[in-house]
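Asker: Structure provided below as structure tokens; questions to follow.
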Amino acid sequence: MLYLLLLFGYDSLPPLPDLSKISLPEPVLWIQPAERGLLINGYAGQFYGGDLDLDLNTLRARGQFTRNNEWDSTDIGSAQVTAAVTLPRLWLKPNLNAQLLRRRDDYTQITPGLGFAIFTSPVVAAGMFDYSHWIINNETSSEATGEISFIFDRITYFPSMIVRGIYTGRKLKPSLFAQLHISGFHLEFGSPIRTGFPSPILNITYSDLWIEATAGVQTGVKHNTLGEYFKPELPIRYRIDIPAETIRVVVDLGITLNIRNQSFTVGGTYKEWLYRLNIGEDYEISPTRDIKETNLKMCARNNLCFGRIDVRNALHVQYNTNDSAITFLPDIGIIDTFELGVGSLELSADFRYLSQRSGTGKSLPRHYIINTKAGLRLHFLKLYFTVHNITDEKSQVYDDYFYTGRQYAGGLEIKHPL
């Protein structure tokens, strides 16, 4: 029996990586077309929130807020405004991002940024910069990231040089990379710039119409920003700065097959850590030494249409094994989402399963969660009803945190082209 789909709002389970969203290493040098439209969505019940998405081609504004109590009372909000400016030989993309998390601690992040491309001959310069201002329990911190690429577009194989850097912990941590594109192969090689400690990174991607394959090897130091590690769905207590990690070796392999509207991805990662970040007592980030771990992942996506019947399904399976306890990392994690549209009727469901895993001080039991949603669309209006945790699961999801149980909400969505 198919599940009736999609968790609406935020789910407290750790997310599984989506391997099907593998991007090529080229920078974005154009403005991607988009349909003009307005989406307004609001829902209320035992949890409540709303969404706003306004798209005017070169200007887009998005916002989201939800208050729930799946396992602890939580407020989560986010907002983004992005513009695109095209001038002769110049492309600019200013943006402003913000997010809010209130649980045991209060976190606010405001991040202005700028993407750009300068078209000259024979070099195209493209890059991005952003500055994150954090307020954590009324204490302020900041960090910044940036990248600039110099692409030699009049030379065979389009070689490029890339300078990347993060500024965190009152230190600038730059990296230098080179790229080469030969037919369907895309190669990238680089390293953080550290005196006496090279940290080489090699990535290879092959892509054509039907297949995409990736391989990567990394060793040495991995610098981290709070923006990369910040996950509102986990009860972690964050502070700036986030320590660096040291890798003996990481090997990453993946392959994706695309056939019409279907895709299938398999991949795996082997990691040997000399110094790895983990979640310790009181949910503080703490270092763990000498860990070996293997992660295997599979993703299958299907999109089928039979007249007025539209069926979409996405299955993610992840298997993890390691020689030490990594907090909240299950041996097996499964996410299956299903959507069914029959004329004006829209049904959806989200199934998530986590096997037994380590907590911060105890072993956590395996469990599964099913969330459902049913809606009726009338032109640009949609009325819907959603149920979280339909099986009334109340097991322990994190140390001393338990699922609240079954919850209900109803909502209205307005979606209209402009």
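No value in this document is a laboratory result; all are computed from the given coordinates. Not measured: the values here are computed from a predicted model. Positions of Cβ are backbone-derived with ideal geometry, glycine not excepted, and every protein chain shown enters the neighbour counts.
Asker: If you take the square roots of the eigenvalues of the alpha-carbon gyration tensor of the range 37-417 and sort them as a ≥ b ≥ c, do you get rounded (a/c under 1.5), prolate (a/b over b/c) or oblate?
Answerer: Rounded, because the longest to shortest axis ratio a/c is under 1.5.
Asker: Quick check on the range 41-94: take the gyration tensor over C-alpha atoms, sort the square-rooted eigenvalues as a ≥ b ≥ c, and tell me if it's rounded (a/c under 1.5), prolate or oblate.
Answerer: On the way: a/c = 8.41, a/b = 3.05, b/c = 2.76.
Prolate, since a/c reaches 1.5 and a/b exceeds b/c.
Asker: Further, regarding this structure: Assuming 0.36 nm per residue, please report the length gained on full extension of the stretch A44 to N302 beyond their Cα-Cα distance.
Answerer: Numbers: separation 258, 0.36 × 258 = 92.88 nm, distance 3.12 nm.
Gain on stretching A44 to N302: 89.8 nm.
Asker: Take every Cα-Cα pair in the range 48-159 and report what % of them are more than 19 Å apart.
Answerer: 61 percent
Asker: Still on this structure, I have one more. If you rank R248, R289 by fewest surrounding Cβ atoms within 10 Å, what's the result? Show your work: numbers first, answer last.
Answerer: Numbers: R248 14, R289 11.
The fewest-first ordering by Cβ neighbours comes to R289, R248.
Asker: Nothing charged except the Cβ atoms of Lys and Arg (+1) and of Asp and Glu (-1): what's the magnitude of the dipole of the chain about its Cα centre? Round to the nearest 20 debye.
Answerer: 460 debye
Asker: Residue farthest toward the positive end of the dipole of the range 37-417, with Cβ of Lys/Arg at +1 and Asp/Glu at -1: which of I118, I136, L376?
Answerer: Checked the options; the winner is I118.
Asker: Quickly estimate the mean residue ellipticity at 222 nm for the chain, helices only: each DSSP H run with n ≥ 4 gives -39500 (n - 2.57), and the total goes over all residues, rounded to 500.
Answerer: That calculation yields 0 deg cm²/dmol at 222 nm.
Asker: Starting from 0.36 nm per residue, how many nanometres of slack lie between N137 and K292 once their C-alpha separation is accounted for?
Answerer: 52.3 nm
Asker: For the pair D106/F402, report the inter-label distance in nm, with labels modelled 7 Å from Cα in the Cβ direction.
Answerer: Reported label-point gap for D106 and F402 is 3.0 nm.
Asker: While we're here: How much length is gained if the chain between R239 and N261 is pulled fully straight, taking 0.36 nm per residue apart and subtracting their Cα-Cα distance, in nm to one decimal?
Answerer: Fully extending the segment from R239 to N261 adds 3.6 nm.
Asker: Between A44, Q396, L418, whose Cα lies farthest towards the positive end of the dipole of the chain when Lys and Arg beta carbons carry +1 and Asp and Glu beta carbons carry -1, centred on the Cα centre?
Answerer: Final value for the positive-end residue is L418.
Asker: For a quick check: sort L114, L364 by the number of other beta carbons within 10 angstrom, fewest at the front.
Answerer: Lowest count first: L114, L364.
Asker: Compute the FRET efficiency between D75 and H416 as 1/(1 + (r/R0)^6), taking r as their Cβ-Cβ distance and R0 = 30 Å, and round to the nearest 0.05. Can you show the working numbers first?
Answerer: Numbers: r = 28 Å, r/R0 = 0.95.
Computed FRET efficiency for D75 and H416: 0.60.
Asker: To continue, here is another question. If you take the beta carbon distance between L315 and A215 as r and set R0 to 30 Å, what does 1/(1 + (r/R0)^6) give as a FRET efficiency, to the nearest 0.05?
Answerer: On the way: r = 24 Å, r/R0 = 0.80.
The value I calculate is 0.80.
Asker: Over 27 Å between C-alpha atoms is what I'm after, so list which of K271/K394; K173/K271; K231/K394; K292/K362; K93/K297; K231/K297 land there.
Answerer: From the list (K271/K394; K173/K271; K231/K394; K292/K362; K93/K297; K231/K297), the Cα-Cα distance tops 27 Å for K271/K394; K93/K297.
Asker: Another question about this same structure. Sorted by average packing, counted as other Cβ atoms within 10 angstrom per residue and highest first, what order do 310-317, 118-125 take?
Answerer: Highest to lowest by the protection proxy: 310-317, 118-125.
Asker: Kindly put V342, V221 in sequence by how many other C-beta atoms sit within 10 Å of each C-beta, fewest to most.
Answerer: By the 10 Å Cβ count, ascending, the order reads V342, V221.
Asker: Cα centroid distance between the range 237-291 and the range 138-197, in Å?
Answerer: Cα centroid to Cα centroid, the span is 20 Å.
Asker: Okay, moving on. Provide the FRET efficiency to the nearest 0.05 for the I193-N57 pair, computing r from the beta carbons and using R0 = 35 Å.
Answerer: 0.35
Asker: A further question follows. Taking only C-alpha pairs under 8 Å that are 6+ residues apart, what is the relative contact order of the range 37-417 in percent?
Answerer: Details: 1032 pairs, mean separation 37.3, N = 381.
Value for the range 37-417: 10 percent.
Asker: Residues of the range 120-139 with amide nitrogen under 11 Å from the 7 Å Cα-to-Cβ point of R89?
Answerer: 120-123
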